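A.B. asks: Could you have a look at this structure, given as structure tokens, before my questions?
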Protein chains: 2
Amino acid sequence: MLTIKSRSHEYTVEEFASLREALASVAGGERALFLVDRRLAELHGAELHPLLPAERTVQVEATEQHKSFEALTPLFLELLQRGLKRDGVIVVLGGGVLQDIGCFIASVLFRGVRWELLPTTLLAQADSCIGSKSSINIGPYKNQIGTFYPPHRVVVPGGVLATLPWDEIRSGLGEVIKLQLLAGEVGFRELMHDLQDVRSQPPVLSKWVARSMAVKQPYIEADEFDRGIRNLLNYGHTFGHAYESATHFGIPHGIAVILGVLTATHLSARLGLVPTGHYRELKTLLTPWYEPYGTQLQTAPRDAIFRAIQQDKKNTGQTVNCILTRGFGRMEKLPVALAADIVPAVNHFIENEVAVG
Amino acid sequence: MLTIKSRSHEYTVEEFASLREALASVAGGERALFLVDRRLAELHGAELHPLLPAERTVQVEATEQHKSFEALTPLFLELLQRGLKRDGVIVVLGGGVLQDIGCFIASVLFRGVRWELLPTTLLAQADSCIGSKSSINIGPYKNQIGTFYPPHRVVVPGGVLATLPWDEIRSGLGEVIKLQLLAGEVGFRELMHDLQDVRSQPPVLSKWVARSMAVKQPYIEADEFDRGIRNLLNYGHTFGHAYESATHFGIPHGIAVILGVLTATHLSARLGLVPTGHYRELKTLLTPWYEPYGTQLQTAPRDAIFRAIQQDKKNTGQTVNCILTRGFGRMEKLPVALAADIVPAVNHFIENEVAVG
């Protein structure tokens with residue numbers, strides 16, 4: 001069990017073997033209402049049905065389009081109509097989108113109500129469930145609205161990972177890999193070794209869920225509001241986000257992060273921060289973990305990519321603040337000239353590095 | 001200058017003679033955007049026009065109906081389209097409703113952006129501008145959504161009080177009177193004395209703005225999130241809110257608070273907590289400050305009043321948590337039986353105490 005400090009409250013992270021055991025542990029009794037990812041409710045219907053009281057369960061479409069005030073309004077109303085009170089508990093079951101939705105609702109309903117999170121994807125378990133911030137979209141602006149409001153308890157149903165589709169596991173690995181690159185060479189190489197057999201040995205994922213949180217915890221505790229050191233967790237994200245949005249999310253988040261990490265490392269090598277050999281080694285090791293999406297990146301409109309990089313929320317002018325690397329565990333935030341350095345590096349990366357054959 | 005502690009940040013309250021001087025002191029320069037109560041912009045157009053850059057000013061309808069996600073969405077979009085960035089400042093000019101709107105927007109945009117508040121009503125200056133929480137309505141549910149996010153600076157344009165319509169000043173006095181009842185007998189009697197000449201001497205109001213904040217500050221610093229001692233600031237509010245909603249806000253908030261304070265004191269006397277003489281004296285002293293709204297209260301549907309009291313957010317069952325009084329400065333939160341004690345006390349108060357003639 002981990003205990004994580006945050007300004008609003010300390011919270012614990014506990015692992016349970018199954019959804020059933022995780023759900024049995026949540027607080028609130030009759031005062032608990034459940035927000036459940038509709039897809040999860042369908043996939044695990046037989047297991048979840050007897051565990052979730054129908055009159056206190058609200059199914060939620062977990063898509064980016066549903067992270068808006070328009071889509072949240074009926075959810076707020078359903079929770080209130082079903083009798084949620086300020087001494088109640090919102091229990092959220094799902095992945096990252098559901099966490100955004102649940103966190104935002106819990107943070108503003110009654111000016112903050114208790115919530116517990118059961119993350120059910122690798123990405124949510126290994127990364128997003130701690131240091132929780134919510135992100136809501138408005139009009140054309142993505143993730144510009146949100147709150148910092150961690151769950152009051154994170155309850156990890158470990159066994160659920162073995163039931164996930166392989167594509168979803170692969171996508172979740174992006175942040176797992178990024179976190180071990182931040183942690184240093186030893187952890188990263190151990191992860192690469194374990195991943196060779198991950199398909200036949202899914203339980204190894206639970207080990208890397210725990211290891212991921214262990215890397216992330218000191219960053220979020222030192223900088224809950226993302227004003228300093230926590231920025232380093234965005235390694236790969238300026239580029240990854242641009243690749244996601246330019247492909248209209250055709251490239252899954254975790255895959256985009258891997259491609260973004262490689263782009264940032266390539267850029268770091270071009271700027272002389274890290275030997276080219278370091279980039280080449282990462283490229284070789286990580287190629288299996290982004291393929292076959294390299295092809296999709298090549299067909300994405302390049303101007304949309306550069307527009308997204310320029311509009312990235314972490315930057316303000318003609319230079320873009322990038323998380324670059326000087327080697328394993330040695331990331332650094334540095335301003336980089338968009339036209340002179342970023343554009344040619346990204347063009348080269350897309351045209352020559354992710355090419356197939 | 002006051003300095004107020006809050007969990008998210010310390011902030012100062014400074015008084016300036018005029019809107020012009022107050023506005024000259026706000027932060028942000030070109031990075032500031034202004035949310036301005038439309039009525040204020042009309043009333044003080046000549047003074048405000050040269051001070052507020054048109055391209056960075058958004059006028060806002062300050063009504064309860066506009067405290068909703070639907071009405072806030074275009075405001076968020078306007079601020080983003082006009083170029084507000086995460087290092088920007090939202091400057092809010094207006095009364096309580098505008099403060100709710102501005103506070104909510106500032107608390108969730110970019111997960112929290114700097115905001116400065118220029119309160120322009122007596123109610124906002126004397127009471128709501130410190131200890132700031134925002135309240136947003138959703139569907140039929142009033143004030144159930146919100147955040148705790150004080151301004152980064154409160155800039156009080158003192159001179160503006162002299163320009164307010166008398167009805168608005170009267171309404172603002174409700175909270176001023178309630179705060180002095182909480183403070184104790186000496187302050188309350190001094191206030192009653194000063195109020196005799198307030199119509200011809202509006203500058204005396206600035207003294208009571210400062211005195212009100214001085215009473216409120218220790219409550220909000222000790223209990224920012226309204227879980228304990230701060231509840232006492234709700235003296236009169238369970239009943240006052242019910243009177244407001246049952247008359248569809250025909251009784252202004254401050255007047256409803258005075259009527260609510262008298263109801264709570266009447267109830268306290270019936271329950272033997274305070275001598276009847278104390279209630280009778282308050283009734284005599286406060287009658288001029290709620291008249292002629294007593295008549296309106298008598299015509300309000302009684303069932304709507306009791307429904308509102310029962311649904312008051314501070315209670316959960318067949319008893320209602322009321323702030324009662326044992327005398328000047330001796331308020332206490334106590335559970336009171338709805339059917340046996342509250343209903344007859346409210347009926348008696350409305351039928352026999354606020355009767356005209």
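Computed from the coordinates by the stated procedures, all read-outs in this text should not be read as laboratory data. All values derive from a computational prediction rather than experimental measurement. Cβ atoms come from the backbone with ideal geometry, glycine included; neighbour counts cover every protein chain shown.
A.B. asks: Gap in Å between the Cα centre of segment A:253-292 and the Cα centre of segment B:247-303?
C.D. replies: Distance between centres, Cα-based: 71 Å.
A.B. asks: Just to confirm the numbers: residue A:20, label point 7 angstrom along the Cα-Cβ line, distances to the other copies in nm, shortest first?
C.D. replies: Result for residue A:20, in nm, nearest copy first: 7.7.
A.B. asks: Counting only other chains, what is the mean number of Cβ atoms within 10 angstrom of the Cβ of each residue in peptide A:133-145?
C.D. replies: 4
A.B. asks: How large are Rg and Dmax for chain B when only the alpha carbon atoms are used, in Å?
C.D. replies: Radius of gyration, then largest Cα-Cα span, for chain B: 20.2, 60 Å.
A.B. asks: Now a separate question. Using a label point 7 Å beyond Cα on the Cα-Cβ vector, give me the inter-copy distances for residue B:49 in nanometres, one decimal, shortest first.
C.D. replies: In nanometres, ordered from closest: 7.0.
A.B. asks: Once both labels are modelled 7 Å past Cα along the beta-carbon direction, what's the residue A:42-residue A:326 spacing in nm?
C.D. replies: Rounded to a tenth, the inter-label distance reads 5.0 nm.
A.B. asks: Report Rg(Cα)/(2.2 N^0.38 Å) for segment B:2-163, keeping two decimals.
C.D. replies: This ratio for segment B:2-163 stands at 0.94.
A.B. asks: Next question. By counting other Cβ atoms within 10 Å of each Cβ, how are B:197, B:223, B:100 ranked from fewest to most? Spell out each step's value before the answer.
C.D. replies: Numbers: B:197 10, B:223 16, B:100 26.
Ordered by Cβ neighbours within 10 Å, fewest first: B:197, B:223, B:100.
A.B. asks: Please work out the FRET efficiency for the pair residue A:7 and residue B:1, using the Cβ-Cβ distance as r and a Förster radius of 35 Å; give the result to the nearest 0.05.
C.D. replies: 0.85
A.B. asks: Using helices alone, what [θ] at 222 nm do you get for chain A, with -39,500 (n - 2.57) per DSSP H run of 4 or more residues, divided over all residues and rounded to the nearest 500?
C.D. replies: -13500 deg cm²/dmol
A.B. asks: Using the Cα gyration tensor of segment A:216-297, with a ≥ b ≥ c the square roots of its eigenvalues, what is the shape: rounded (a/c below 1.5), prolate (a/b larger than b/c) or oblate (neither)?
C.D. replies: oblate
A.B. asks: Could I ask something else about it? So for segment A:119-189, averaging the separation of alpha carbon pairs under 8 Å that are six or more residues apart and normalising by length, what relative contact order in percent results?
C.D. replies: 36
A.B. asks: I would also like to ask the following. Using Cα-only point scatterers and the Debye equation, what is log10 of I(q)/I(0) for segment A:169-353 at each q in 0.09, 0.10, 0.11, 0.16 Å⁻¹, rounded to two decimals?
C.D. replies: Values returned for q = 0.09, 0.10, 0.11, 0.16 Å⁻¹ are -0.29, -0.36, -0.44, -0.97.
A.B. asks: Just to be sure I understand: chains A and B are related by a rotation, so which residue of A has its Cβ closest to that axis, and how close in Å?
C.D. replies: Here the value is A:69, 2.
A.B. asks: Please report the spacing between the Cα centers of segment A:127-151 and segment A:179-245 in Å, no decimals.
C.D. replies: The two parts, judged by their Cα centres, are 19 Å apart.
A.B. asks: Rounded, prolate or oblate: which fits segment B:227-275, taking a ≥ b ≥ c as square roots of the Cα gyration tensor eigenvalues, rounded meaning a/c under 1.5, else prolate when a/b beats b/c?
C.D. replies: oblate
A.B. asks: Bin width 20 Å, alpha-carbon pairs only: give the P(r) of the protein assembly as shown as whole percents, running from 0 to the bin holding the largest distance.
C.D. replies: Going out from 0 Å in 20 Å bins, the protein assembly as shown shows 17, 44, 29, 10, 1 percent.
A.B. asks: Next question. Given segment A:112-251, what whole percent of its Cα pairs are spread farther than 22 Å?
C.D. replies: On the way: 4184 of 9730 pairs.
Taking all Cα-Cα pairs of segment A:112-251, the fraction more than 22 Å apart is 43 percent.
A.B. asks: Among B:262-273, A:237-248, A:131-142, how do they line up from the highest to the lowest mean number of other beta-carbon atoms within 10 Å?
C.D. replies: Per-residue mean Cβ counts within 10 Å order the peptides as A:237-248, B:262-273, A:131-142.
A.B. asks: Using a label position 7 Å from Cα in the Cα→Cβ direction, what is the ascending list of nm distances from residue A:284 to the same site in the other copies?
C.D. replies: With the label placed 7 Å along Cα→Cβ, residue A:284 yields 9.7 nm.
A.B. asks: Taking 7 Å along the Cα-to-C-beta vector as the label spot, tell me the residue B:78-residue B:24 distance in nanometres, rounded to one decimal.
C.D. replies: 2.8
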